[in-house]
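The values are calculated or read from the model by the stated rules, or taken from the named source; none is laboratory data. As the structure is a prediction and not an experimental result, all values here were calculated from the model. Using ideal geometry, Cβ is built from the backbone for each residue, glycine included, and neighbour counts are taken over all protein chains shown.
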Amino acid sequence: MASCLCRYRRRILLCLCTPCILLACLFIYVALAVCLSMTPSNTPVGAPPLPPYFIASGATNSGLLAPYPINSFWKYELSNEAHWNMIQHVIDRQHNPILRPRNGSLGNYSRVDNSSADLTQQKPGCFPNYDVIWSLSDYFSLPSQMQRFVISMHCRDYPVIIDQPKVCGNASQQHQAEGLMLLLAIKSQAPNFENRQAIRKTWGRSGLVKGQVGKGGQVRRVFLLAKNQSGHDLDTVKKLKEESKKFGDIIMWDFLDAFFNLTLKDILFWDWFSKNCHNTRFVFKGDDDVFLRTPVLLDYLQKVEAEARLNGSRRGKPLEEFYVGEVITSAAPLRSKTTKYYIPDSFYKGMYPSYAGGGGVVYSGALVLRLLEVSKRVHLFPIDDVYLGMCLQRLGVIPTHHPAFLTFDFPNDEGKKPCAHHTIVLVHKRSPKEMRKLWVKTQNPSYKCRKVTLRKDPEKEIEKKET
């Protein structure tokens, strides 16, 4: 009787516990499923799972050992490329952290440099390097400006003849604390006094400049010059020194002011900036025949700063990478000797990196300091706009295109519209007389022109209408 009662109790206990155990298991299963669904996956949704490893091209797999490359990553012998490509190839290897470790033996790498050491050899005192003539088979058939560049492109250190070391240090204490808002660095030539004077009276005024709608900021101005074609023209230098004494905005270096030497103005200005104006927040670099709407630019830059402070690195570019202008992509060297942009095939091969038209660009002061450092690892190139693009490419900075930067003037007949110049930040080219007229016109807009906004890409506007 007792055994039957015990057996009966066990059955009742089993019937009562089994549902509870099943419910507990179901609860655990649901909890795990919810947790796993909330955990972010490294594999994109809809993407096939990645294999545990991949075999690179040029690798071999014997089945006994792991796959390994059968060829070297870097060739010891340089291929017979164009002259500039060869030089830059050597420089890239010299700064390769794998081939050139800070500590350790170079091993077999020494034989890489021996074959092309003369390509990067710099002559003391920046004298012409005539040895390089024999590296270019068509040197004697090149235009004279290209010949001059080739024999002197190893030089990048030139003394300052006229300097303005305090141009960024005259702001009020309040603005010194937060840094100068904008420095206008304008490439000019000695004879272009009328251009410089028009800029001083219009868009290039120094001091506190109000924005079109915002508070504006402190602005300073410098003109970047070199020696004119006549060489040691003492009378010209004397006049420039008098102009500098009167206006305090001339910086002049001791090299020939030629088209293919404009790159020198960039790297020498970056060095000057790092010593005298490194706290400046933004730099406008342009030519002396460009018209700039400075108040509009100040409003735009204040918006850029506000977005950088608000979003940080979550959205948009940090200020260390800020570079804006009319960006040119997929450009190739011009091979016609009739153009001043002619680059022979024996000198450079390949496409140009993305770059902005040099008539007028804006970048942050923080980027200037980075450009100065990376420029030491990029060999000089004849076209200054392209050289800047090469430096940006090595920094991993993608230039920002803005349709209100018109370095090649208005497209088609757009410039004839009544309010056309109220839709831009800058336009190139304009004469001194046109600068003065446009300044008065844009400073006193009509009721209709006050309502216009900065221009946008026509193609993007068409896409928006279609969608």
TODO: Kindly list the number of the only condition in (1) in a loop (DSSP other than H, G, I, E, B); (2) of a type in the set (D, E, K, R); (3) modelled with pLDDT of 95 or more that fails for Lys166.
DONE: (3)
Task: Criterion (assigned to a loop (DSSP other than H, G, I, E, B), modelled with pLDDT of 95 or more and touching a helix residue (DSSP H, G or I) at 6+ places or on another chain (Cβ under 7 Å)) met by exactly one of Arg430, Arg370 - done: Arg430
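Just the residues that are among the aliphatic types (A, V, I, L, M) and in contact with a Ser or Thr (Cβ under 6 Å, 6 or more places away or on another chain), please, taken from the stretch 384-436. Please lay out each step first, then the result.
In the first step, residues of the stretch 384-436 are kept if they are among the aliphatic types (A, V, I, L, M); the result is 386, 388, 390, 392, 395, 397-398, 404, 406, 420, 424-427, 435.
Met435 - this is the single residue of the stretch 384-436 that is among the aliphatic types (A, V, I, L, M) and in contact with a Ser or Thr (Cβ under 6 Å, 6 or more places away or on another chain).
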Task: Hits in the stretch 373-389 - residues which are within 12 Å of the chain's Cα centre (by Cα) and surrounded by fewer than 20 Cβ atoms within 10 Å (Cβ to Cβ) - done: Val374
TODO: Return yes when Lys437 is at pLDDT 95 or above, among the basic types (Lys, Arg) and part of a helix (DSSP H, G or I) and no when it is not.
DONE: yes
Open item on the list: With the condition being over 16 Å from the mean Cα position of the chain (by Cα), I'd like the strands (runs of 3 or more DSSP E) fully within the stretch 254-341 carrying at least 2 qualifying residues.
Closed with: 290-292
TODO: Answer yes or no as to whether Val362 is among the hydrophobic types (A, V, I, L, M, F, W, C), within 29 Å of Arg281 (Cα to Cα), within 15 Å of the chain's Cα centre (by Cα) and surrounded by 12 or more Cβ atoms within 10 Å (Cβ to Cβ).
DONE: yes
